[in-house]
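Here's the structure we're looking at; comments come further down.
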Amino acid sequence: MTTHDGDQPSASRPLLDPLADVRGPGDPGCDVYLTGTVFLDIIFTGLDSAPVRGTESWARGMGSSPGGVANMATALARLGLRTSLAAAFGDDHYGDYCRDALERGEGIDLSLSRTIPGWHSPVTVSMAYEGERTMVSHGHEAPPPEETAPSCPPPARAAIASLVPGRREEWVAEAARHGSRIFADVGWDDTGRWDPADLADLEHCEAFLPNAAEAMCYTRTECPRAAAHALADRVPLAVVTLGPEGAYAVDGRTGESAEVPAIAVEALDPTGAGDVFVAGFVTGTLADWPLADRLAFAGLTAALSVQEFGGSLSAPGWCEIGAWWQHARSYDDQAPSALRRYAFLDRLLPTAARPGVLRRAVPTIGFRRA
């Protein structure tokens, strides 16, 4: 088995295939396609407070890992989905590290990605404190999309898009036309317009997964649950994340709704938790699980991720999910309702877990080989 920093085993062979029961002849070789920008993330944790102007702060913890779209891609791959990522990589050491971590470390297909000569990798420094984070990023202008992603995405069961208000992504429509199920989230609208018409690509989406603030702004509602119902008039499946309250979803095709509370954990770093939530929900949807099970699984994977450094390398795999479930059944630190809610894990998890741990963020981008 290939090893990486700290002699940790490769995560490129997931513990189980969650889509084994739905795979068939003629299915696409790719489960999920996505494209975007890969950052090198440097994360400081253990800060007692926000940095103060004119002073020096020392962090008790530090990690580095691929970030940006790598957060989502890694979370998908660690859950056993065959993941294809089209992205630009710089031809510097940071780019080499990110490519190696994703391709060899996580088993992500990067055949559609490109290394751009003379372009250095964008970097984000994230400082986590008091359950929140502050980020500073640096990067040069990204290469044009035609240099980093195909105009016609590969056949895939699903594709994940991050919607940009007021801008259409032609690849989203193309992927939908070729049968991919489109899952989308959205970033904060800095213009303050919050005009639903600015999300034109929603017409191609099967599911839309904003947070509560975004959902309420776009629907002009004062309740995230009302926002979910309003969004379900525009997209077949609306999922609104509620932070520490969990998540709420509405299936506009059937009228079914579901709400699942969050799992209480001690958070180390919230970076990438939203991406892990989406990855968990996509996994359950492609596997045809009940709506409430999908929400619960997505929330659990996100909760487990905030207990580790960074975005991409904080994502849990099936071994970590199994360990949590075993602990939850053995101790009384979870409410009985949680045990009932996650009973569906019994039929998913293997009876024996492989040894070893996933690759995690460490304070360096790599050690020299002996």
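Here are Phe281, Phe297: which of them is within 26 Å of Leu40 (Cα to Cα), aromatic (Phe, Trp, Tyr) and within 16 Å of the chain's Cα centre (by Cα)?
Working: Phe297 fails: within 26 Å of Leu40 (Cα to Cα).
Being within 26 Å of Leu40 (Cα to Cα), aromatic (Phe, Trp, Tyr) and within 16 Å of the chain's Cα centre (by Cα) holds for just one of Phe281, Phe297, which is Phe281.
Closer than 21 Å to Pro150 by Cα and either under 18 Å from the mean Cα position of the chain (by Cα) or not in a loop (DSSP other than H, G, I, E, B) (or both): does that describe Leu40? I'd like the intermediate steps shown before the answer.
Details: closer than 21 Å to Pro150 by Cα: no; either under 18 Å from the mean Cα position of the chain (by Cα) or not in a loop (DSSP other than H, G, I, E, B) (or both): yes.
For Leu40, the condition - closer than 21 Å to Pro150 by Cα and either under 18 Å from the mean Cα position of the chain (by Cα) or not in a loop (DSSP other than H, G, I, E, B) (or both) - is not met.
Which of the residues spanning the stretch 13-37 are open to solvent by 50 Å² or more (accessible area, probe 1.4 Å) and not in a loop (DSSP other than H, G, I, E, B)?
Within the stretch 13-37, Thr37 is the sole residue that qualifies.
Answer with yes or no whether Trp324 is open to solvent by 10 Å² or more (accessible area, probe 1.4 Å) and part of a helix (DSSP H, G or I). Explain how you work it out, then say what you get.
On the way: open to solvent by 10 Å² or more (accessible area, probe 1.4 Å): yes; part of a helix (DSSP H, G or I): yes.
So Trp324 passes the test.
Taking the stretch 177-218 on its own, how many of its residues are polar (S, T, N, Q) and open to solvent by less than 30 Å² (accessible area, probe 1.4 Å)? I'd like the intermediate steps shown before the answer.
Here is the first cut: in the stretch 177-218, the ones polar (S, T, N, Q) are 180, 191, 211.
Going one step further and asking which of them are open to solvent by less than 30 Å² (accessible area, probe 1.4 Å), we end up with 180.
The total comes to 1.
Taking Arg60 as meeting all but one of (1) modelled with pLDDT under 90; (2) of a type in the set (Lys, Arg); (3) open to solvent by less than 60 Å² (accessible area, probe 1.4 Å), write down the number of the exception.
Just one mismatch for Arg60, condition (3).
So which residues in the stretch 155-200 are touching a Lys or Arg at 6+ places or on another chain (Cβ under 6 Å) and under 30 Å from Val22 (Cβ atoms)? Full working, then the answer.
First, pick out the residues of the stretch 155-200 that are touching a Lys or Arg at 6+ places or on another chain (Cβ under 6 Å): 158, 200.
Result: Ala158, single match.
The values are calculated or read from the model by the stated rules, or taken from the named source; none is laboratory data. Please read all numbers here as calculations on a predicted model, not as lab measurements. Please note: Cβ atoms are built from the backbone with ideal geometry, for glycine as well, and neighbour counts cover all protein chains shown. For accessibility, only protein heavy atoms count, side chains too; no ligands or nucleic acids. Shrake-Rupley method; radii C 1.70, N 1.55, O 1.52, S 1.80 Å.
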